Every structure is written in C-alpha cells, then in structure tokens.
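Working notes, structure below.
The values are calculated or read from the model by the stated rules, or taken from the named source; none is laboratory data. Predicted model only: the values in this text are computed from it and were never measured. When we count neighbours, we look across all protein chains shown, and the Cβ atoms used for this are built from the backbone with ideal geometry, even at glycine.
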Amino acid sequence: TNVADFYRSTGSWRGIEAASQFGAGAPHPLDPSTPHQPPDPPYFLIDTKRQVLIPTTKYPLGSTVPASLLTSGKPILVRGSFVGTALPTGVILPLRPEDHDYLARIRNALIYATGVSVVVAWMLGALLAGRMTKPLRLLTQATRQLSSGELGTQVEVHANDEVGDVARAFNRMSTELEKARALRHQMTADLAHDLRTPLTVLSGYLEALKDGDLAPTPARFEAMYTEAKHLQRLIEDLRVISLADADELPLNKTVKRPHELLERAARAFEQQATLRQIQLSIQTTPDLPAIFVDEDRIAQVLGNLVGNALRYAPTGSAVALTANQESHWVVFTVADTGEGIPNAQLPFVFDRFYRGDPARQQPHQSSGLGLAIVKSVVEAHKGRVQVESQSGQGTRFRILLPAI
C-alpha cells in the first residue's frame, strides 16, 4: 500500500529506493563501506519490465528477475493500471518493543479469556448435566418404588423433551396399574359378596330343613332354586368373560339380518315391558346389510342392554331398539328415557362388577358383569360399543358390528 501511494503521488518509481526503509540515509545492503550487511527487507520491488527498484542481497538494484518469480508476487495497481510487483524475500523483520508489548497483551487476554471460558463452560456443563440427569434419577427412584409395590407413584415432569415424554408415559403406566389394582380388589370383594349371599341363603335353608326346624314347602324350594340360578348365572358370566379375555370365546357365526336380532330381543322382553307399562319399540328396515355373527351371543348382548334399560326406566317411559347403517358398520341402538348415567360414572360402566349408584341396585337382578360381557362379546366380533347419557334424559348404547 505504501509503494502504491508513492507511485500515485509521484506518477513514477523515481526515488522509491530513497523513500523506502533503506533510503533516507539508511545503509544500503550492497554498500561496501557498510561493515555489517543489514538484513534484507521482507519484500523487494520490480517494475513492469522485471527490473529491481528496491534491491536485496540476491537481486541488486537494476537487475532483472526471472519471470518465474512473478507467480509468487503481488501485482501493484494504481488507478487500475499495472505498475509493478512486490516480491517476497522470505525475511521476517524483527519486532519492535511496542509490537512485543501488543502481542503480550493479546496473549494475556487470550489466556484470561480461555480460563474464563473453561470455568463458564464447566459451570454450564455441570448445570445442564444436573438438569438432564435429575429427571432420570427421579424416574429411576420412582421405578424402584413401583417395583416394590408402591403403585400410583408419580414423577414430576417439567421438560418437553424425550425424557419428559418417558416420565409422562411412566406416570400414565403407574396410574393405570393403580387403577387395575383397585379394580382387582373391588372385583374380589364384589365376587365374594355375590357368592356369599346366595350361599348363605342356601346353607341356611338346608341346615334348617336338615334339623327339622322348617317344613319342606314349595315356596322354600323355590327360594333355594332362585339362589342356585343366581349362582349359575354368575358363574356363566365369569366363564364368558374369562374366555373373551383369553381370546378363546367360541363363536358360531352365521349370516343374520339386523331386524331379526332386534325382533328376537323385543320378543324376549315383551312381557316384562308390558308389566312395567314401558313402551318397547323397534325401528329398522329389512334392506340393511347382513352381519356375520354368533346369533346367541349377540342376542345375549342385546338382552343385557334391553334388560338394563327396562330395569332402570321409570314406569310409563319408553325403550327404543333401532338398527341403521353407518359407513361399513351396522349400528344397533338401545335407548331409554330413564334417569340417565352421571358423566362421572360413564368411563366405568363397562368395568366388571360396576353397578353405579348403590341405591339403585336390586338384589339378584344383576351380577355386575352384564355390560362387561357386552363389551367383550362385541369386541370378539371385531366391533365397538359406545354409550351416551345425560342425567335425567336417558341413556343410549350403540353396538357397531361390521357389515358384509
């Protein structure tokens, strides 16, 4: 830049040697009177004809350098015109004291910055590692608690990353396990109660008859028969559910028309509906697609639903049985205008032994397995069951079975 400025101000290279660091009274590198040769400059200058303008020990003033050296040089342009070339000599000039001071300050600043960076990086790394490993430690601890039997153990989740997803999945699993344990305990208690009541009645009658305290009358035998039938129905319901759970429920499938199944269900409950003064109606069309089902099992499903509807529907109300097509499904609907089911109880209506409001339970009229059987049988037919209800406005059960 300096030599370009010189040429720009003078318009030629005349006097460039004197103006360089070896001019203005400085000893010339080739001056024989100089007792010690000074070091070469870091560059030397040639003009457009490759003649030396600022000499070195190897290339004296006015000599011509080989053209091969031009590839290592830097062209000098002034106002867009090529005026010469600066060629490196490979010599590095010694640093001045102020240069040493500047480099020392830079070195110290770099050392300080490196040290601070290392400390900050270590602190940030420790903080991040702690934040990343804390959820894993908590999750590990919760897993140990869960494995030791503390079902329902939960982990606090604050992250939205993969670890947070794992923690949320763990919480859901723990909650489901706790629900399953509570349901199992409730099922055991309900089953024991349902078995104990008829067995107590039977054993009481039999003991009294054996001791001669009671006379063997038809009414007493009828009471014992009723209790035995209740036990038989409960055991059969348990057998159906256990087979369905094991995916071993036998299904004797045949092609059936939906209206035939509804008519069979209506005939089975016609007398009961008449006695309760409940209007039992059927709404369907003969042109609905057929379904491939076990007629007796689907009759059991519809019977459970109609029986529930008649059991809880008030006198003078109505129960409607309908069938229609939705996409590739044939949909059976059993709707009543009874009290309905509270929203809080809807998620549990298909649980085993669930009877809803205890005040509405009637002895021996339900094993608490009816809706569980409905769900198991329908799913065994690759179907779905849905329930819709509002308190005071009735309940509607929907059975969706594949059409053929």
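Some points to look at:
- So M173, is it closer than 30 Å to F353 by Cβ and exposed (fewer than 14 other Cβ atoms within 10 Å of the Cβ): yes
- Segment 184-206, subset touching a residue at least 24 places away in the same chain (Cβ under 8 Å) and over 16 Å from H230 (Cα atoms), residue surrounded by the most Cβ atoms within 10 Å (Cβ to Cβ): M187
- If only residues of segment 313-331 that are modelled with pLDDT of 90 or more and among the hydrophobic types (A, V, I, L, M, F, W, C) are counted, the one that is farthest from the chain's Cα centre (by Cα) is A318.
- A Cβ distance below 7 Å, combined with a sequence gap of six or more or placement on separate chains, defines the contacts here; from segment 325-338, residues that are assigned by TED's automatic domain parsing to the domain that holds V374 reach residues that are surrounded by fewer than 18 Cβ atoms within 10 Å (Cβ to Cβ) and aliphatic (A, V, I, L, M) in the pairs Q325/L288; Q325/A403; H328/A403; W329/A403; V330/L288; V330/A403; A335/A320; T337/A318.
- Residues in segment 390-404 that are closer than 13 Å to P342 by Cβ and surrounded by fewer than 21 Cβ atoms within 10 Å (Cβ to Cβ): 4 in all.
- Checking each residue in segment 142-158 for being at pLDDT 80 or above, in a loop (DSSP other than H, G, I, E, B) and either acidic (D, E) or closer than 10 Å to N171 by Cβ (or both) picks out E150, G152, T153, Q154, V155, E156.
- Checking the stated criteria, R181 turns out to be of a type in the set (K, R), within 49 Å of the chain's Cα centre (by Cα) and either exposed (fewer than 14 other Cβ atoms within 10 Å of the Cβ) or closer than 30 Å to V155 by Cβ (or both).
- Residue satisfying all of: in segment 253-312; assigned to a loop (DSSP other than H, G, I, E, B) and either within 21 Å of R233 (Cβ to Cβ) or not polar (S, T, N, Q) (or both); farthest from the chain's Cα centre (by Cα) among these: R276
Table: residues versus (1) in contact with a Lys or Arg (Cβ under 9 Å, 6 or more places away or on another chain); (2) surrounded by 19 or more Cβ atoms within 10 Å (Cβ to Cβ); (3) hydrophobic (A, V, I, L, M, F, W, C); (4) closer than 16 Å to V378 by Cα.
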| site | (1), (2), (3), (4) |
| --- | --- |
| T254 | no, no, no, yes |
| I282 | no, no, yes, no |
| D294 | yes, yes, no, yes |
| G307 | no, no, no, no |
| R311 | yes, no, no, no |
| L321 | no, yes, yes, no |
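- Residue within segment 233-241 that is under 30 Å from P289 (Cβ atoms), surrounded by 12 or more Cβ atoms within 10 Å (Cβ to Cβ), among the hydrophobic types (A, V, I, L, M, F, W, C) and in the same structural domain as R311 (by TED's automatic domain parsing) present: no
- The condition (being closer than 30 Å to L45 by Cα and either of a type in the set (F, W, Y) or surrounded by 10 or more Cβ atoms within 10 Å (Cβ to Cβ) (or both)) is satisfied by just one residue among P66, P88: P88.
- Candidates are the residues of segment 1-38 that are in a loop (DSSP other than H, G, I, E, B), surrounded by 10 or more Cβ atoms within 10 Å (Cβ to Cβ) and of a type in the set (A, V, I, L, M); the one that is modelled with the highest pLDDT is L30.
- Selection from segment 67-77 of residues that are modelled with pLDDT under 90 and either farther than 20 Å from R8 by Cβ or in contact with a Phe, Trp or Tyr (Cβ under 7 Å, 6 or more places away or on another chain) (or both): A67, S68, L69, L70, T71, S72
- Search result, residues across segment 296-326 that are under 20 Å from L369 (Cα atoms) and of a type outside the set (A, V, I, L, M): D296, R297, Q300, G303, N304, G307, N308, R311, Y312
- Test: residue in segment 108-122 that is among the aromatic types (F, W, Y), surrounded by 10 or more Cβ atoms within 10 Å (Cβ to Cβ) and under 30 Å from P42 (Cα atoms): no
- Scanning segment 248-279 for residues that are more than 24 Å from A290 (Cα to Cα) and in contact (Cβ under 8 Å) with a residue 24 or more places away in the chain yields Q272, A273, R276, Q277, I278, Q279.
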